Amino acid sequence: MAERVTRLTRSPQPATRDIRGFTLIEVVVALAILAIGLTVIIELFSGGLRLGRISKEYTQAMNYASLKMEEIATRRTIAEGEDTGEFDDNYRWKVGVEKVDILPGDKGTDFRPPVEFYHTRVSVLWASGLRERSADLETYKAVKTSTNENKS
């Protein structure tokens, strides 16, 4: 019987090994994307907080302006001019009242309307960060004329 000789041969090793991890470039790119994403998220949160603060300031200013407008609206008489004052340390107000002529200016007439119209503007001003902000309310008020009050 002839003997068979079997030779054990090894398969040749590949020149490169199978790597089961991340390369340095992949890690650097992932960290850069993460840093950009976190920066955007932090900016969104800070912008939301800033807008929330500004909204709160405007709401407070409109409440103050509404209070001042109601105070003016409940007066029986009104006079033209400007007036200023403060609500608290942060908010101050300015009121401007001017008479509005409702008759056409080009025709001379002796007719006097039974009421006078006044344009009233309330401005509330405050400092917000480095900016000066303001909120305004405007209205018209009809007041009986003094000659009309004497007749009734």
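Taking the conditions exactly as written (among the hydroxyl-bearing types (Ser, Thr, Tyr), surrounded by 11 or more Cβ atoms within 10 Å (Cβ to Cβ) and at pLDDT below 95), does Thr139 satisfy them or not? Here the answer is yes, as Thr139 does meet what is asked.
Taking every residue in segment 88-100 that is among the small types (Gly, Ala, Ser) and pairing it with any residue that is exposed (fewer than 13 other Cβ atoms within 10 Å of the Cβ) and in a strand (DSSP E or B), at least 6 positions away or on another chain, the pairs with Cβ-Cβ distances below 8 Å are Gly96/Gly81; Gly96/Glu82. Would you check if there is a residue in segment 62-74 being more than 21 Å from Ala127 (Cα to Cα), part of a loop (DSSP other than H, G, I, E, B) and out of contact with any Gly (no Cβ under 9 Å at 6 or more places or on another chain)? Checked against the condition, which is being more than 21 Å from Ala127 (Cα to Cα), part of a loop (DSSP other than H, G, I, E, B) and out of contact with any Gly (no Cβ under 9 Å at 6 or more places or on another chain), segment 62-74 yields at least one hit.
Looking for something at pLDDT 90 or above, assigned to a strand (DSSP E or B) and farther than 30 Å from Arg50 by Cβ - is there at least one such residue anywhere in segment 119-135? Within segment 119-135, one or more residues are at pLDDT 90 or above, assigned to a strand (DSSP E or B) and farther than 30 Å from Arg50 by Cβ.
Look through Thr77, Thr84 and report the one residue that is out of contact with any helix residue (DSSP H, G or I) (no Cβ under 7 Å at 6 or more places or on another chain) and at pLDDT below 85.
Answer to the check: Thr77.
Quick one: would you say Lys94 is at pLDDT 95 or above and surrounded by 12 or more Cβ atoms within 10 Å (Cβ to Cβ)? For Lys94, the condition - at pLDDT 95 or above and surrounded by 12 or more Cβ atoms within 10 Å (Cβ to Cβ) - is met.
Evaluating Thr77 against the criteria (1) over 21 Å from Val124 (Cβ atoms); (2) of a type in the set (Ser, Thr, Tyr); (3) without any contact (Cβ under 8 Å) to a residue 24 or more places away in the chain leaves one unmet condition, (3).
The values are calculated or read from the model by the stated rules, or taken from the named source; none is laboratory data. Model, not experiment: these values are computed from the prediction. Heads up, the Cβs are rebuilt from the backbone with ideal geometry, glycines too, and the neighbour counts pull from every protein chain shown.
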